[in-house]
Amino acid sequence: MFTKAERIIALRNLRPKKKEGFLKIISIFSFLGIMLGVAILIIVMSVMNGFKTDLTNKILGLNPHIVIQPNGFKIDNEFTSNLKKLFKEINISKSYFGEGIAINNNNAKGVLLKGVDREEKNIKDFFYNYLSSGDLNNLNSNRVFIGSEMAFNLDLKEGDTINLMSSAFISTPIGSLPKQETFKVAGVFNTGFLEFDENMIFLNIQDALSIFDKNEADTNIEIYLSDPLQANSYKEKIQNINQNYFIYTWSDMNKSLFSALKVERNVMFIILSLIVVVAAFNIISGLTILIKNKTKEIAILKTLGLSNESIKKTFFLTGLTIGFFATITGIIIGVLFSLNIENLRLFLSNIFNLEIFPSEIYFLEKLPSEINPTSILIIFIISLIISIIASYLPAMKISKMNTFRALRYE
């Protein structure tokens, strides 16, 4: 593609003479700009990928992968049996949940009440992992488990009583009033996920049906999969069995969150890509000045028989070399930073005594990072394309130059 003579001339262009020090500075800034732009892009994309993965894993560990609601039609044993026969690798649980209000002394808070069966494997696994006080065997009638954040906000601990008010109404001599019952706090769980620990209350499934004035026909089916990412595929198969039920997956429940993360990731990618674009303008300006200063040399090369096309290629190769090596260097730096970003965070926190990435805000205990080879490849290609365009535009001006006139007056 490039002859030996073209490569030699391009290499000489990368090493300007002492009197052309300004060109050297422009070349250095072009290199540094593209390198930093690529490195920052990789670091930011890696952190956002890691944040999404950790958040997804946290959500999958706290929520069912598929929920089937009766939607006015009872979920019979035949349907459950068909599910178990068709999908042997799934775990099935019964539950009922709804919104309510938790009241303690003068404190009140909107909560999500979830009735569960303590004998279900998934429930046992959850409390085994996250229970900080109490015993699951105590999840009997009129007993509840609350999150650590809720316990703190409502000033509750194991053994205290709490009033729960549901959205169901009962008739009284003074009119309809929300149904309210008193429960004892049997334990406290701590998942590390602020929203969950602040709003969730677990109680016996019979108590949940009672406080919402429901019966067995209103219970939901929760499905846990060995591969949660296949939830939407399972959802379609389950709908084919019976279309009367309302079925949704963990991704449906968190669609707005993941959509927001996707939009933010794409916007950040576009904004940070502008760093590379701005750096590419340095290549354009540098090559333009270089071509202007090399008018006499270009004329001599033409006199010696070098074609316009070859001369264009030499200057094009000069700019492309800067862009290519800056991109490669940026990728290496970006990957190294991404792999050690948590250690870097701890180092900066200790040096400046600052809390970087506080867990109470971001729900995660450490700064996540996940290197995605596809993202790196896309960044590499985009940076290379920008470098190619930035190198091509100034090189095209050579064909319009009147180099012989310049040589005539030398």
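What the table below lists for this structure:
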quantity	calculated
Two-decimal ratio, region 44-140, of alpha-carbon radius of gyration to 2.2 N^0.38 Å	1.40
Residue-normalised accessible area of region 214-282, expressed per residue, 1.4 Å probe, Å²	57 Å²
Solvent-accessible area, 1.4 Å probe, carbon plus sulfur percent, for region 88-243	44 percent
Average projection area in nm² (convex hull over Cα atoms of region 162-261, one quarter of hull surface)	10.0 nm²
Ordering of 35-46, 101-112 by burial proxy (mean other Cβ atoms within 10 Å per residue, highest first)	35-46, 101-112
Pairwise centroid distance, computed over Cα atoms, of region 58-76 with region 250-286, Å	35 Å
Projected area averaged over orientations for region 246-289, convex hull of C-alpha atoms, nm²	3.7 nm²
Dipole moment magnitude, nearest 20 debye, region 38-137 about Cα centre, only Lys, Arg, Asp, Glu C-beta charged	100 debye
Cα-projected label distance for ILE381 with TYR248, points at 7 Å along beta-carbon direction, nm	3.6 nm
Coil-residue chymotrypsin sites (Phe, Trp or Tyr not before Pro) of region 95-144, DSSP, other Cβ within 10 Å capped at 15	none
Accessible-area ranking of PHE152, PHE246, largest first, probe 1.4 Å	PHE152, PHE246
Most to least packed among 218-230, 193-205, 155-167, 78-90 [average Cβ atoms within 10 Å]	193-205, 218-230, 155-167, 78-90
Accessible solvent surface per residue of region 87-176, calculated while the other protein chains remain in place, 1.4 angstrom probe, Å²	55 Å²
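The values are calculated or read from the model by the stated rules, or taken from the named source; none is laboratory data. In this text, all values refer to a predicted model and were calculated from it rather than measured experimentally. All Cβ positions, glycine included, derive from the backbone under ideal geometry; neighbour counts span all protein chains shown. We work out accessible area using only protein heavy atoms, side chains counted, and drop any ligands, DNA or RNA first. Shrake-Rupley method; radii C 1.70, N 1.55, O 1.52, S 1.80 Å.
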